[in-house]
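The values are calculated or read from the model by the stated rules, or taken from the named source; none is laboratory data. Source: prediction; values computed, not measured. Glycine gets a Cβ as well: all are built from the backbone with ideal geometry, and neighbour counts include every protein chain shown.
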Amino acid sequence: MVYLILFFTVLAGGFLAFRLKNVDSQYVNLLLSFSGAYLLSVIVFHLLPGVYAKLDGKTAGFFIMSGIIFQLILELFSHGAEHGHKHAFNRKAPWLLWLSLAIHAFMEGLPINQGHHLHTSYFYGILIHKLPIAIVLTSIMIEAGWSKSKIFGFLTGFALMSPLAAFLGNYAGFMTTYGAYINAFVVGILAHIGTTILFENEHSHRFNIRKFLLIFLAMLLAYLT
């Protein structure tokens, strides 16, 4: 069931992109802010304590910083689509965009299941993250003039990455041995994504009460789950 939910959340985001008249609307931006705040809160409340409990400080820090650098390299090809940016991309090389996003989705799926144990709060965080990102990604492809069949194929491949990673995390032995290192690496990836969403999503830099309340709600929910 976990794998199906991960898969269909991405497809649901694609469906919403076709239905929404304005993907740049304040509601999509607020959803992005909520997802970024929830991801950061899950990292602070749930992932970081586990990482530092299993690894010494410098080792944990090295893998976290490596994850941040790795995500920066991926964004050379995705142009920030993972955190809601809608920059135009090279239509002659769409596979670079797909590959970078697929790698990102695969890495963030690994910590979901570890040794037949569902990391519930993290799972919710990934779901909340994927929905607005799928909306933005689909809108990018629509504006680029891609056919519906091509968009569906792209989304299907993207949607399969996290369930595949979660499956491997559940049944492959490498997560038992290297799970703490992988988790630290993924923390770096998602820390970059979450902070970028929060600090770049509000271009006017004015106080937004709705955004503030959503961030607070996201923190509270992450703390309680």
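Filtering Leu97, Leu55, Leu72, Leu11 for residues that are on the phi < 0 side of the Ramachandran plot, modelled with pLDDT under 90 and of a type outside the set (D, E, K, R) leaves a single hit, Leu97. Restricted to helices (runs of 4 or more DSSP H) entirely inside the range 130-225, those with at least 2 residues that are free of Cβ contacts under 8 Å to residues at least 40 places away in the same chain and closer than 23 Å to Ala60 by Cβ are 174-200.
Would you mention how many residues in the range 117-175 are among the basic types (Lys, Arg) and either in contact with a helix residue (DSSP H, G or I) (Cβ under 6 Å, 6 or more places away or on another chain) or crowded, with 21+ Cβ neighbours inside 10 Å (or both)? Counting residues in the range 117-175 that are among the basic types (Lys, Arg) and either in contact with a helix residue (DSSP H, G or I) (Cβ under 6 Å, 6 or more places away or on another chain) or crowded, with 21+ Cβ neighbours inside 10 Å (or both) gives 1.
Looking at this structure, is Phe174 closer than 24 Å to Leu118 by Cα and touching a Phe, Trp or Tyr at 6+ places or on another chain (Cβ under 7 Å)? Quick ask: steps written out before the conclusion?
On the way: closer than 24 Å to Leu118 by Cα: yes; touching a Phe, Trp or Tyr at 6+ places or on another chain (Cβ under 7 Å): no.
Criteria not met by Phe174.
The residues of the range 31-61 that are buried (at least 16 other Cβ atoms within 10 Å of the Cβ) and either more than 23 Å from Ile133 (Cα to Cα) or basic (Lys, Arg) (or both), listed by number, are Leu48, Gly50, Val51, Tyr52, Leu55, Ala60.
When you look at Gly179, is it among the small types (Gly, Ala, Ser) and either on the phi > 0 side of the Ramachandran plot or in contact with a strand residue (DSSP E or B) (Cβ under 9 Å, 6 or more places away or on another chain) (or both), yes or no? When the stated conditions are applied, Gly179 does not pass them.
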